[in-house]
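The values are calculated or read from the model by the stated rules, or taken from the named source; none is laboratory data. Please read all numbers here as calculations on a predicted model, not as lab measurements. Backbone-built Cβ (ideal geometry, glycine too); neighbour counts: all protein chains shown.
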Amino acid sequence: MRAHLLPLAVLLAVGVSGCTTSEDPAQGGFLSGVSNLSNGTYQNRIDERQKTLEDEQDKNLQQNRAAERLAAQSADVKAQREAAEAKYADFQKSLQASRNKLAAAQKANSKKKADVTALNRDIDSLEKKIKLLQQDTFTPDADKQKRLDDLRKEREALEREVDLLVRR
């Protein structure tokens, strides 16, 4: 019977010697598995990997929040830039409107100057006509009076034109 036990003992010795213990479940055998389960090595590996996962998830969350903050800041800067550009455009429009008004006023003013010059010529002409009439000694008084009435009407028309020009 001992002879039967010897091969069994050899097989058992070979089997046990082939089962070296390892903390890695992929490399360990049955005895390593039992040993690691009983002393908590597997649970420690699970806990360690769980902590690493949670740390990486926290980092990811922080990076996502940072990206959201940057996107919000970028949107704020964009809105500020657009508002500034709109103000600049309004300012440019206002300046252009002022330039247009000034050009119109200058045009009107130059027309007004031309009208003033023309009216001054008419006044000078009327003054000359009056002086000639005053100095005329050959024309009869009735004709002089009619001529003076015509000059008075011409003067009144000129005064109306001057008043209109001043009111513009």
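Filtered by the rule that a residue be of a type outside the set (Phe, Trp, Tyr) and outside any helix (DSSP H, G or I), region 120-158 gives Asp136, Thr137, Thr139, Pro140.
Okay, residues lined up against (1) under 22 Å from Glu159 (Cβ atoms); (2) at pLDDT 90 or above; (3) of a type in the set (A, V, I, L, M):
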{"position": "Lys78", "(1), (2), (3)": "no, yes, no"}
{"position": "Ala105", "(1), (2), (3)": "no, no, yes"}
{"position": "Ala114", "(1), (2), (3)": "yes, no, yes"}
{"position": "Thr139", "(1), (2), (3)": "no, no, no"}
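When Ala89, Ala118, Ala83 are checked against the criterion of being under 60 Å from the mean Cα position of the chain (by Cα), farther than 21 Å from Arg167 by Cβ and at pLDDT 85 or above, a single residue qualifies: Ala83. Can we say Lys107 is in contact (Cβ under 8 Å) with a residue 12 or more places away in the chain, basic (Lys, Arg) and surrounded by 10 or more Cβ atoms within 10 Å (Cβ to Cβ)? It is false that Lys107 is in contact (Cβ under 8 Å) with a residue 12 or more places away in the chain, basic (Lys, Arg) and surrounded by 10 or more Cβ atoms within 10 Å (Cβ to Cβ).
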